[in-house]
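A short reminder: the numbers here are calculations on the coordinates, not readings from a lab. As the structure is a computational prediction, the values presented were derived from the model and not from experiment. Here the Cβ positions follow ideal geometry from the backbone for every residue, glycine too, while neighbour counts run over all protein chains shown.
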Amino acid sequence: MDRIKTIIIDDEWLIRSELKTMLVQCPNIEVIGEAANVSEGIKLCENLRPDLIFLDIHMPCGSGFDFLKRVKGNFKLVFISAYDQYLSEAKKYEAIDYLMKPISKDKLLKVIHKL
């Protein structure tokens, strides 16, 4: 089975680091890049063409929703956020899941199993 090429877009370095550490333990996931903001995320997405994106919603200089309006691609999406008020808008994007920060390993594994 091919590994799922994954990128993480989140302005918080610690969240990216913890998520990457947890994903390394999933043999079918390959983290191929990470970005700290929308414009970095767009460049990554265009250059690397990921299969899966973990996307923060609330970031300085643009939201995860701004990212989705500007990027084209065929990828699966998991929102990550510290705020639940974006949940209804996130549902419009047919995301696999909406993970609340801090991200628990158990919830992350459930998301991976959905894939």
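Normalised by 2.2 N^0.38 Å, where N is the number of residues, the C-alpha radius of gyration of the stretch 4-114 stands at 0.94.
Computed about its Cα centre, the charge dipole of the chain is approximately 300 debye, with only Lys, Arg, Asp and Glu carrying charge at their Cβ. For the stretch 32-97, the list of chymotrypsin sites (Phe, Trp or Tyr not before Pro) that fall in a loop by DSSP and count at most 15 other C-beta atoms within 10 angstrom reads Y83, Y93.
Across the chain, Cα pairs under 8 Å and at least six residues apart give a relative contact order of 22 percent. Applied to the stretch 45-50, the Karplus parametrisation 6.51 cos²θ - 1.76 cosθ + 1.60 on θ = phi - 60° returns per-residue 3J(HN,Hα) values of 4, 5, 7, 9, 6, x Hz, with x for Gly and Pro. Of all the options I57, I96, I80, the one that moves most in a Gaussian network model of the chain with Cα springs shorter than 10 angstrom is I96. Near A35, the amide H atoms lying under 5 Å from its own belong to I8, I9, D10; only residues 5 or more places off or on other chains count, and H is placed 1.01 Å from N.
Using only the C-alpha atoms, the convex hull of the stretch 1-48 corresponds to 49 Å³ per residue. When you filter the trypsin sites (Lys or Arg not before Pro) in the stretch 51-101 for DSSP loop state and at most 10 other Cβ atoms inside 10 Å of their Cβ, you are left with K72, K92.
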